[in-house]
Amino acid sequence: METKKDAVYASDLILDGWLNGLNALCSLQEEMEKQPLQAFESQKEWIHSIRGQLSQLEDQSKTMTTEWIATVQETVNKTQKELGGKNDLKWPAQLEEIGHKTQTLAFSPSKKSLELLLRSQAQLETACKQTLDQQQQNRSEYLQVFEGLVDQVKQTQKEVLKPFDLTVK
């Protein structure tokens, strides 16, 4: 009974090594592509944290202003009662309104800057994701072409070297 043994050619080993190296490089690139996306997530969390802290600071500031105005109003009312005057002053309420508007104006630039930063970061993240998706698609197409080329070279090599194959008995 005669059997033909599949010959292992040195060039097959070299081509397989190149293909494995290319696959390893592609895997490394995919891992590296995850890093900017993780950085974007960290930036988003940081921006949202700052926004929350800024809102909390603004709320505390308004509360302190309201408490301060209430203390002033109480003191004025007490003084007027002691002096026997009327208690129809409007200026403490106006002062409170001015204080709140001033605080809103003071915090507004910071809030707007954070919103602008968040929008810019989102646009940059979208552009980065699109670029990474395109790279992934290109890499996938390149791998398919390279794998096809390797298979063709191997097949051609087998056909060229077929007359030199030995039959084992």
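Here, each number is a calculation from the coordinates, and none is a lab measurement. Since this is a predicted model, take the numbers as computed values, not measurements. Every residue, glycine among them, receives a Cβ derived from its backbone with ideal geometry; neighbour counts consider all protein chains shown.
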Go ahead and collect, in residue order, the members of the stretch 104-129 whose backbone nitrogen is under 20 Å from a label point 7 Å along the Cα-Cβ direction of Met32.
125, 127-129
Rank Gln38, Gly84, Trp68 by how far each Cα sits towards the positive end of the charge dipole of the chain (+1 on Lys, Arg Cβ; -1 on Asp, Glu Cβ) and give me just the farthest.
Gly84
Rg and Dmax in Å for the chain, alpha carbons only: what are they?
37.2, 128
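List the relative contact order of the chain as a percent without decimals, with contacts defined as Cα pairs under 8 Å and 6+ residues apart.
Working: 58 pairs, mean separation 88.2, N = 169.
Relative contact order of the chain: 52 percent.
Which whole-number percent of Cα pairs in the stretch 61-140 have a distance greater than 20 Å? Please report the intermediate quantities before stating the final value.
Working: 1927 of 3160 pairs.
Summing the P(r) of the stretch 61-140 above 20 Å gives 61 percent of all pairs.
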Between helix 10-83 and the chain, what is the angle of the helix's C-alpha long axis to the longest principal axis, kept within 0 to 90° and rounded to the nearest 10?
0
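What is the calculated FRET efficiency for Leu83 to Gln123, with r their C-beta to C-beta distance and R₀ = 41 Å, to the nearest 0.05? Could the numbers behind the result be given before it?
On the way: r = 63 Å, r/R0 = 1.53.
The pair Leu83/Gln123 has a calculated efficiency of 0.05.
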Quick check on the chain: helices-only [θ] at 222 nm, where DSSP H runs of length 4 and up contribute -39,500 (n - 2.57) each and the sum goes over total residues. Nearest 500, please.
-32500 deg cm²/dmol
To the nearest 0.05, what FRET efficiency results for Val76 and Lys101 with a Förster distance of 22 Å applied to their C-beta separation?
0.55
Listed here are the pairs Lys62/Lys111; Lys44/Lys129; Lys34/Lys154; which of them are more than 24 Å apart at the Cα?
Lys34/Lys154
Calculate I(q)/I(0) for the stretch 32-78 by the Debye formula, one identical point scatterer on each C-alpha and no solvent, and give its log10 at q = 0.26, 0.32 Å⁻¹ to two decimals.
-0.86, -0.99
